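Peer 1: This is the structure, below, for whatever I ask next.
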Amino acid sequence: MKWMVIVALVLPAWSAPCSSTAGSDGEEGLCHVQHGTLGTELLLRCDAPGGRVEWRVNGTKVAASEAAAGGDKDQLLLRNASLAQEGEYSCHHPGTGKTLHRIRLRVGSPPEKPAVECWAVSYPQTVNCTWKLASEPRLETYFITTYRHGMGAKENECVQPWAGAGSCSISDIQMFSITPYVLNVTAVNPLGATMNLFPFIVEQIIRPDPPEDLRVSPIPGESKKLLLEWQPPSSWPFPQYFPLKYLIRYAREGANSNRTIGPYEQTSFILTGIRPRAVHHVQVAAKDFTDYGDYSTWSPLVSGTPWTQP
């Protein structure tokens, strides 16, 4: 299947406050924020009448060096931009010291393509999606999240719980549809934007949260048995209509390996044939009963010891 995507993106004007440090003549001069990419050449402009100025960074005169050139002209070239070069640059009249212009320089990287995952942990109500950037761009980055049910369908918002949350949710789910949903996660910062299109079929991404409230209890009079009881995950909305099945993983304390058994449909189980007086560690995982999707992660470890003769 071939996907054709047209994205129109308008980058906002990015701004940040400059410091209130005034020039030597008591005037601040014009100020704006400039962003640059790490490892590139950056050109700062003063646009001063006459073309000759004095450049300063954080109040200190900029001297010509391998890292900077043109310190007496109305353009300052910074070579191989680094985090050490961030700060407030200002250009001044060489005779009076009057502040002509100020630039708050911030250095970072354009956002990389987000790595996206989506899972239906609350099937059939909600699909939850998360994303991460492989590296930190060091600049304020926000995310636009939308989805379509089929490429020709209306675009809808994948709702983020708060700005910068790194997750969003889709609540309008059509069950058993063979038409893929397509999530668009677009990362945007002052240096650029990049997106990832993530197609999915809802039933293929079902993955419940782990079972809850696991209890491991001795059974009176039974020295080689343990009673296991648990609850379906509270995020699974209709266990009576969409039942789960469960795997059990357990190991004796000090053993080199564990054992996995199941799946079982019930939310309790009696472990038999275990070593008397030994501590056993137990976990449970859940999956959709019809075998769609994946198993949950394992529940937190719970330990128990069989009944012993008083």
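Peer 1: Would you mind checking K154/K287; K113/K287; K224/K245; K132/K287; K113/K154 for any pair whose Cα atoms are more than 29 angstrom apart?
Peer 2: Values: K154/K287 32 Å; K113/K287 31 Å; K224/K245 25 Å; K132/K287 26 Å; K113/K154 24 Å.
Flagged as over cut-off: K154/K287; K113/K287.
Peer 1: Would you compute the Debye intensity of the chain from its alpha-carbon atoms alone, equal scatterers and no solvent, and pass along log10 I(q)/I(0) at q = 0.11 Å⁻¹ to two decimals?
Peer 2: With no solvent term, the Cα-only Debye profile gives -0.82.
Peer 1: Which of rounded, prolate or oblate describes segment 45-122 when judged by the alpha-carbon gyration tensor and an a/c cut-off of 1.5? Walk me through the numbers on the way to the answer.
Peer 2: Numbers: a/c = 3.71, a/b = 2.91, b/c = 1.27.
Taking the square roots of the gyration eigenvalues as a ≥ b ≥ c, segment 45-122 is prolate.
Peer 1: With an 8 Å cut-off on Cα pairs and a minimum separation of 6 or more residues, tell me the relative contact order of the chain in percent. It would help to have the intermediate numbers written out before the result.
Peer 2: On the way: 744 pairs, mean separation 40.8, N = 310.
It comes to 13 percent, rounded to a whole number.
Peer 1: Could I ask something else about it? Counting pairs of Cα atoms in segment 220-310, how many percent are more than 18 Å apart? Walk me through the intermediate numbers first.
Peer 2: Values: 1902 of 4095 pairs.
So the portion of pairs separated by more than 18 Å is 46 percent.
Peer 1: Take the Cα atoms of segment 84-147, find their three principal axes, and give me the spread along each one in whole Å, biggest first.
Peer 2: 73, 20, 14
Peer 1: Using only the heavy atoms of the protein chains and a 1.4 Å probe, how would S296, S169 rank by accessible area, largest first?
Peer 2: Order by accessible area, largest first: S169, S296.
Peer 1: For q values of 0.16, 0.19 Å⁻¹, compute log₁₀ I(q)/I(0) with the Debye formula on a Cα-only model of segment 155-310, without solvent.
Peer 2: Log10 of I(q)/I(0), two decimals: -0.93, -1.13.
Peer 1: Here's something else I'd like to know. State the percentage of accessible surface on segment 35-192 attributable to carbon and sulfur atoms; use a 1.4 Å probe and exclude ligands, DNA and RNA. Write down the numbers at each step before the final one.
Peer 2: Numbers: 3850 of 7820 Å².
For segment 35-192, the apolar C and S fraction of the accessible surface comes to 49 percent.
Peer 1: If you rank F289, F176, F242 by how much accessible surface each has, with a 1.4 Å probe, what is the order from largest down? Intermediate values should be presented prior to the final figure.
Peer 2: On the way: F289 85, F176 125, F242 50 Å².
In descending accessible area the options line up as F176, F289, F242.
Peer 1: Would you mind checking the radius of gyration and Dmax of segment 48-173 based on alpha-carbon positions, in Å?
Peer 2: For segment 48-173, the Cα-based Rg and Dmax read 23.6, 73 Å.
Peer 1: Check each of the GluC sites (Glu not before Pro) in segment 182-289 and keep only those in coil by DSSP with at most 16 other C-beta atoms within 10 angstrom; list them in order.
Peer 2: On the way: sites: E203, E212, E222, E229, E253, E265; in loops: E253, E265.
Counting only loop positions with at most 16 other Cβ atoms within 10 Å, the GluC sites (Glu not before Pro) in segment 182-289 are E253, E265.
Peer 1: If you build a Gaussian network model of the chain, linking Cα atoms that sit under 10 Å apart, which residue out of C46, C158, C168 swings the most?
Peer 2: C46
The values are calculated or read from the model by the stated rules, or taken from the named source; none is laboratory data. Given the structure is predicted, the values throughout are model-derived calculations rather than measurements. Please note: Cβ atoms are built from the backbone with ideal geometry, for glycine as well, and neighbour counts cover all protein chains shown. Just so you know, the surface numbers come from the protein's heavy atoms only, side chains and all, with ligands and any DNA or RNA stripped out. Shrake-Rupley method; radii C 1.70, N 1.55, O 1.52, S 1.80 Å.
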